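Readers should treat all values here as calculations from the given coordinates under stated rules, not as data from a laboratory. Note that the structure is a prediction, hence the values are computed from the model and not measured. Here the Cβ positions follow ideal geometry from the backbone for every residue, glycine too, while neighbour counts run over all protein chains shown.
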Amino acid sequence: MRKTGFVVFVLFGLACFIAAGSLGADAWAQNIPKVKEFRIERSMPKEAVACIECHKLENPGLFADWTQSRHASAGITCYDCHKAADTDADVSQNHFKQYQRSDQKFGTSEYKVPVAAVVTPKDCSRCHPDEAKQYAQSKHANTLEIIWKIDPWLNKGMNSDFERATGCFHCHGTVLRNDKDGNLDAEVWPNVGVGRLNMDGSLGSCTSCHTRHMFSVMEARKPEACGPSTVTSTPPTETATTGMRPRGPGVPA
Amino acid sequence: MKKKTIVAIVLVGIGMVLAFPLFSISYYTMVRTSTPQFCASCHEIEFAFNTWRTSTHVNNAHGFVADCMDCHLPAPEQTFQFFFAKTFHGIKDIVIHFTQGPEAYDHQKMREAAYASFTNNQCQKCHRNILNIPNKRGAMLAHRAALYPRPGYEKKCVDCHRDLVHNPSSLYRYKQYQTSYRGLGL
């Protein structure tokens, strides 16, 4: 057994040597990604460290995205965006229970802070006031009001709730509300519609284009980012009223 | 030692033992009940708290934050007036909440009542350097007229400056991003 292990090791080493020689140092470096390790080297409040340490285990994908973001690089934590006040309509009551967990080092009241699941343009405006202000004045932000003003399918009840949820509100945005248990109502959340009416009164969702939790500027600038509603599909009602066909990449002419 | 001296020392000692916790408790209570978060623990005040949070009295380039108390109560240096006003308003709010209910709270009426109660001294606790304004001479002259009024022409700060803080907003309104401020005038 030991001998076999040794032989395998030698063979592997030989293979590596040959591969490195034939590929050249640059290509070799590309193919073996550097093992990344997340270290907290920025100053941040202990409550934010608690968010990170717990959600690292609870939502590893979400955490991994965030670690690659500019926000993470700049030391902008979960708490900076998800911060809420006890008086906010959208503050998560259930999240408070996380601070009573005994199985988690950070599940104690020492780290207790009010947070909201939905990060609205108002929250973003704490650091990006110009962008939020411009967005608030845009057609995107006010699109929910616009469709209710002009669309006969909505106003005359000519489509079903499912059609509305998938065909209208998926892109134009829902009206957020809590259900009777104090959670966000599953009928309207998750949603990143550009004109979403948030519980703090702000309109829209920055994450429509700046997808969470990487918030990649590069991604937001690509035409595909506009895809879900603007390029690849025309709303069904528009198709019906104007005779236009869905157009864009992937749709046969 | 004389008997009188011993009695005096004992009395002073008893006084200190009684007074220390009493002062500590009242000081602690005052600190705990002086935060905006505490004010917002009453449902009636949530609107004021939420609008204050987005206002320029919180969000500005100086990092300065004016709390509820800074505007709505006499200065803590005026110890007696401060304690009296704070205690009186606290008790009054609780009594009215339980006797008339939160529906009785008329925001517009209370806004006007607040403007009526503001004295110029309260604003001037922070806004002390308002007599020389190199880029706005109109404001400078208006301030001089308000601070050194001719008899019969007394004015209040809030006559010109109102609707500053408690306005609903869907954004945080940083002062440095607002257009140059101008008082509403008379």
Query raised in the report: Counting each DSSP H run of 4 or more residues in the protein assembly as shown as -39500 (n - 2.57), what helix-only mean residue ellipticity at 222 nm follows after dividing by all residues, to the nearest 500 deg cm²/dmol?
Result: -13000 deg cm²/dmol
Query raised in the report: Among B:Gln78, B:Ser26, B:Leu131, whose Cα sits farthest toward the positive end of the charge dipole of chain B (+1 at Cβ of Lys/Arg, -1 at Cβ of Asp/Glu, about the Cα centre)?
Result: B:Leu131
Query raised in the report: Shape call for the protein assembly as shown from the C-alpha gyration tensor, a ≥ b ≥ c root eigenvalues: rounded (a/c under 1.5), prolate (a/b greater than b/c) or oblate?
Result: oblate
Query raised in the report: Lys/Arg Cβ at +1, Asp/Glu Cβ at -1, dipole of the stretch B:114-186 taken about the Cα centre: which of B:Tyr181, B:His166, B:Met140 is farthest positive-ward?
Result: B:Met140
Query raised in the report: If you take the square roots of the eigenvalues of the alpha-carbon gyration tensor of the stretch A:46-117 and sort them as a ≥ b ≥ c, do you get rounded (a/c under 1.5), prolate (a/b over b/c) or oblate?
Result: oblate
Query raised in the report: Taking neighbour Cβ counts within 10 Å as the exposure measure, how do B:Tyr28, A:Tyr99 sort from fewest upward?
Result: B:Tyr28, A:Tyr99
Report task. Using only Cα atoms, locate the centre of the stretch A:110-161 and the centre of the stretch A:46-102, then give the distance between them in Å, rounded to an integer. Result -> 22
Requested in this report: Take the alpha-carbon centre of the stretch B:61-77, take the same for the stretch A:171-209, and report the distance between them in whole Å.
Outcome: 35
Query raised in the report: Mind checking the mean number of beta-carbon atoms from other chains within 10 Å of the Cβ atoms in A:126-137?
Result: 3
Requested in this report: Note down the nm distance, to one decimal, between modelled labels 7 Å out along Cα→Cβ at B:Thr119 and at B:Asn135.
Outcome: 3.3
